[in-house]
Amino acid sequence: MLRALIAQSMGTQADRIIVGNESEDLIGALFRAVIRPNDQVVTIYPSFGLHEFSAQMFGATVTKVRFNEDWSFPLEGLRQALRSKPRALIFSSPSNPAGPAISETEFRQVIADTDPTTVICFDEAYVEFIEQSKRFDALKILDETKKFAILLRTFSKAYGLAGARVGYSIASDPQLIAALIKTRNPFGVNALAACAAAEAIGDLTHLKNTVALATRERKRVTAALISKGFKCAPSQTNFVFFDTGSSAKVFADELRSKGVLIKGWLEKPFDTWARVTVGTPDENDIFLNSL
Ligand SMILES: Cc1ncc(COP(=O)(O)O)c(C=O)c1O
């Protein structure tokens with residue numbers, strides 16, 4: 001039932017959808033299906049750690065291409081990395097932790113630079129937060145270009161159901177879904193979680209209100225951080241990545257001692273950057289006042 005509802009909401013067929021115990025389950029299922037030891041996987045960094053670690057768990061060597069200085073997507077670096085025809089390309093847009101969303105023109109270029117033998121995993125965990133003017137239909141582009149690809153979506157972010165653990169993928173080809181059905185955790189999604197997701201996908205008003213609140217507060221938090229002298233990456237998500245100017249770990253530890261939890265990035269050269277989740281107006285005020 002949930003597959004059919006998702007397919008309907010995306011204007012596609014249910015046999016192109018797989019539901020899993022969140023994106024983590026589905027990334028694992030994809031890599032289990034396609035990666036063999038010593039394969040190469042390309043990704044962008046800084047990034048959601050699982051993109052890299054999951055590939056490594058299946059024995060892949062991971063090539064990481066760094067975001068450009070201005071936080072635009074590193075198209076030239078990706079083009080070079082994709083020349084070696086890696087087994088998979090995986091990245092998120094909007095990016096976790098940085099926040100920018102790739103444009104349609106940039107996405108088309110990355111797809112054009114990808115060999116047909118490379119599986120593309122385009123992680124759209126935060127897609128619902130993207131401003132209307134920057135949105136595009138990645139599925140349509142993948143269909144047009146006939147690449148071997150999956151999109152990753154989740155109920156954990158804009159739908160606020162992280163505890164229910166429901167994610168889904170839409171594949172360019174039903175054969176890929178048939179493969180993932182064999183490699184995913186077979187009993188990953190329980191009936192209560194599936195019901196919650198089915199209700200959530202139908203509640204467009206709640207989704208709209210959540211996204212509007214997150215967008216408004218993200219802009220306010222970003223402006224306040226900038227006015228206090230912090231550099232911020234341009235975000236299309238419900239978080240802001242900002243340069244603390246010194247050790248992000250020490251910065252995050254100090255805030256923790258005041259009861260405010262943010263994520264200090266540890267990976268060089270981003271180890272002065274931290275990600276703060278946009279919360280309710282009151283929570284955001286507590287964060288801003290604690291700086
Ligand atoms: C880019 C990205 N993809 C996937 C996930 C996984 O989310 P979940 O497993 O809750 O669907 C996250 C979680 O932070 C994320 O940031």
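The values are calculated or read from the model by the stated rules, or taken from the named source; none is laboratory data. Because the structure is predicted, anything quoted here is derived from the model rather than measured. All Cβ positions, even for glycine, are placed from backbone atoms using ideal geometry, and neighbour counts span all protein chains on display.
Overview of results
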| item | result |
| --- | --- |
| Residue check for PRO186: without any contact (Cβ under 8 Å) to a residue 40 or more places away in the chain and either closer than 13 Å to ILE18 by Cβ or β-branched (Val, Ile, Thr) (or both) | yes |
| Extreme residue, farthest from the chain's Cα centre (by Cα), among residues of the stretch 232-246 that are surrounded by 14 or more Cβ atoms within 10 Å (Cβ to Cβ) and more than 21 Å from ALA212 (Cβ to Cβ) | THR244 |
| Segments classed as helices (runs of 4 or more DSSP H), wholly inside the stretch 114-232, with at least 2 members that are basic (Lys, Arg) and not assigned by TED's automatic domain parsing to the domain that holds VAL34 | 204-227 |
| Sole residue being out of contact with any Pro (no Cβ under 7 Å at 6 or more places or on another chain), among the aliphatic types (A, V, I, L, M) and closer than 20 Å to THR237 by Cα, chosen from ILE120, ILE102 | ILE102 |
| Meets criteria (under 30 Å from ASN209 (Cβ atoms) and of a type outside the set (Ser, Thr, Tyr)) for PRO269 | no |
